[in-house]
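What follows draws every value from the coordinates through simple rules; no lab data is involved. Since this is a predicted model, take the numbers as computed values, not measurements. Neighbour counts run over all protein chains shown; Cβ positions are idealised from the backbone, glycine included.
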């Protein structure tokens, strides 16, 4: 997401648990194009090096939840410095260096256990679309990279009611030489008690 060398919004550094009365926050980390696209052929439909740097910063040290296709798309597996939790319906699936669970509910349970043990206030959900859709009712916060372009893709972010959310901050992302599009990082929060 954002270039880590530039100052960022205080909302990025505020402990999520402070706003939630000590509850571990379920956060989405996602990049979405203007046409709603988030993926193409099991991979990202763009090159955004600055976004990947921010993604690392936002997820480091936290349990991360992903679907099997997202796991398969990672260039290096598992993502270092994070408890990787992979959701799949395939009981025989193995992911070296990661925890494999059969449904999003068990993924959340496991992620909360790891978050409590390590003293972090957020669980990061990193995709894909089916995992976002399944966990949307439990989500407290979104780190939403708005990609200013409309690339072709076959996967879109699930539709949701923005009225239940508020934009805490909105910061343009400095476009570097390895960024195909300009982008803006938006931090959205759903008020406590407003979950679906």
What the 5 Å binned alpha carbon P(r) of the stretch 144-196 shows, as percent of pairs per bin from 0, is 4, 15, 19, 22, 18, 13, 6, 2, 0
What is the calculated FRET efficiency for residue 166 to residue 118, with r their C-beta to C-beta distance and R₀ = 25 Å, to the nearest 0.05? 0.30
For Cα pairs less than 8 Å apart in space and 6+ apart in sequence, what is the mean separation divided by the residue count of the chain, i.e. the relative contact order in percent? 32 percent
Ordered by packing density, taken as the mean number of other Cβ atoms within 10 Å over each peptide's residues, highest first, how do 72-83, 130-141, 89-100 rank? 130-141, 72-83, 89-100
Determine, for each peptide in 37-47, 167-177, the mean count of other beta carbons within 10 angstrom over its residues, then list the peptides with the highest first. 37-47, 167-177
Would you mind listing how long the stretch 22-189 runs along its three principal axes, going by Cα atoms, in whole Å with the largest first? 38, 35, 28
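How much length would be gained if the chain were fully extended between residue 154 and residue 91, taking 0.36 nm per residue of separation minus their Cα-Cα distance, in nm to one decimal? Before the final figure, lay out the partial values.
Working: separation 63, 0.36 × 63 = 22.68 nm, distance 2.62 nm.
Gain in length upon complete extension: 20.1 nm.
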Helix-derived [θ] at 222 nm for the chain: sum -39500 (n - 2.57) over DSSP H runs of at least 4, divide by residue count, nearest 500? -6500 deg cm²/dmol
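So, by mean Cβ neighbours within 10 angstrom, what's the order for 101-111, 152-162, 53-63 with the highest one leading? Please report the intermediate quantities before stating the final value.
Numbers: 101-111: 17.5, 152-162: 13.5, 53-63: 19.5.
My ranking of the peptides, most packed first, is 53-63, 101-111, 152-162.
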Percent antiparallel among DSSP beta bridges confined to the stretch 22-189, rounded to 5, stands at 45 percent
